[in-house]
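The values are calculated or read from the model by the stated rules, or taken from the named source; none is laboratory data. As the structure is a computational prediction, the values presented were derived from the model and not from experiment. Positions of Cβ are generated from backbone atoms using ideal geometry, with glycine treated the same way; all protein chains shown enter the neighbour counts. For accessibility, only protein heavy atoms count, side chains too; no ligands or nucleic acids. Shrake-Rupley method; radii C 1.70, N 1.55, O 1.52, S 1.80 Å.
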Amino acid sequence: MNTRGLRSQLKDSVPVAGLCPQGAYGVQDSLRSGFTSVKNELLPSHPLELSEKNFMLNQDKMNFSSLRNIQGLHAPLKLQMEYRAARQIQRLPFLQSSNLALDTLRGSDESIGFEDILNDPTQSEMMGEPHMMVEYKLGML
């Protein structure tokens with residue numbers, strides 16, 4: 001399975017655990033990167049779990065291929081450029097972004113889903129020192 005598109009989506013976000021995985025002595029620096037989560041390192045337990053995790057990516061690929069067949073090559077390229085521009089609009093690294101422009105492009109801004117109710121930013125595990133996260137994003141750290 002090609003996960004190149006998934007990696008390009010994930011490289012824009014800065015996970016707290018990915019800030020500085022190895023300290024100066026070869027162990028994890030918990031003050032800078034936070035505690036490790038075993039859940040992120042587990043393999044999928046069910047065959048459909050990986051499919052559900054990549055649902056939006058697979059749906060976008062299917063929509064782009066049907067759009068290419070119907071309208072030509074220019075339509076999916078234009079839409080991909082708009083998606084990429086909408087993904088770049090984000091808040092500071094320590095604040096969770098709502099991605100309203102991306103939701104509007106995808107047409108999911110008018111529907112209430114599972115992630116809208118149970119994805120409360122105040123309950124997020126993404127905690128860290130704001131100054132350090134901004135310095136890492138700017139390449140100063």
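Numbers for the structure displayed
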read-out: Residues of the range 23-55 that turn out to be out of contact with any Ser or Thr (no Cβ under 9 Å at 6 or more places or on another chain) and either among the charged types (D, E, K, R) or not in a loop (DSSP other than H, G, I, E, B) (or both), as a count; value: 16
read-out: Residue tally, condition out of contact with any Phe, Trp or Tyr (no Cβ under 7 Å at 6 or more places or on another chain), at pLDDT below 50 and open to solvent by less than 70 Å² (accessible area, probe 1.4 Å), over the range 6-37; value: 9
read-out: Hey, ASN99 under 29 Å from GLU135 (Cα atoms) and of a type in the set (S, T, N, Q) or not; value: yes
read-out: Any hit, the range 55-64, residues being under 28 Å from GLY34 (Cα atoms) and of a type in the set (A, V, I, L, M); value: no
read-out: Condition check for GLU115: out of contact with any Gly (no Cβ under 6 Å at 6 or more places or on another chain), open to solvent by less than 100 Å² (accessible area, probe 1.4 Å) and in a helix (DSSP H, G or I); value: no
read-out: Hits in the range 94-141 - residues which are modelled with pLDDT under 85 and among the β-branched types (Val, Ile, Thr); value: ILE117, THR122
read-out: Total residues in the range 38-80, condition polar (S, T, N, Q) and open to solvent by 100 Å² or more (accessible area, probe 1.4 Å); value: 4
read-out: Which numbered condition TYR83 misses (of (1) open to solvent by 50 Å² or more (accessible area, probe 1.4 Å); (2) modelled with pLDDT under 95); value: (1)
read-out: Selection count, the range 86-105, where residues are in a helix (DSSP H, G or I) and free of Cβ contacts under 8 Å to residues at least 40 places away in the same chain; value: 7
read-out: Close pairs (9 angstrom Cβ cut-off, 6 or more residues apart or separate chains): in contact (Cβ under 8 Å) with a residue 12 or more places away in the chain in the range 68-85, assigned to a helix (DSSP H, G or I) and open to solvent by 80 Å² or more (accessible area, probe 1.4 Å) anywhere; value: PRO76/ARG68
read-out: Selected residue (only one of ASN58, ASN69 is at pLDDT 95 or above and either part of a helix (DSSP H, G or I) or touching a strand residue (DSSP E or B) at 6+ places or on another chain (Cβ under 8 Å) (or both)); value: ASN69
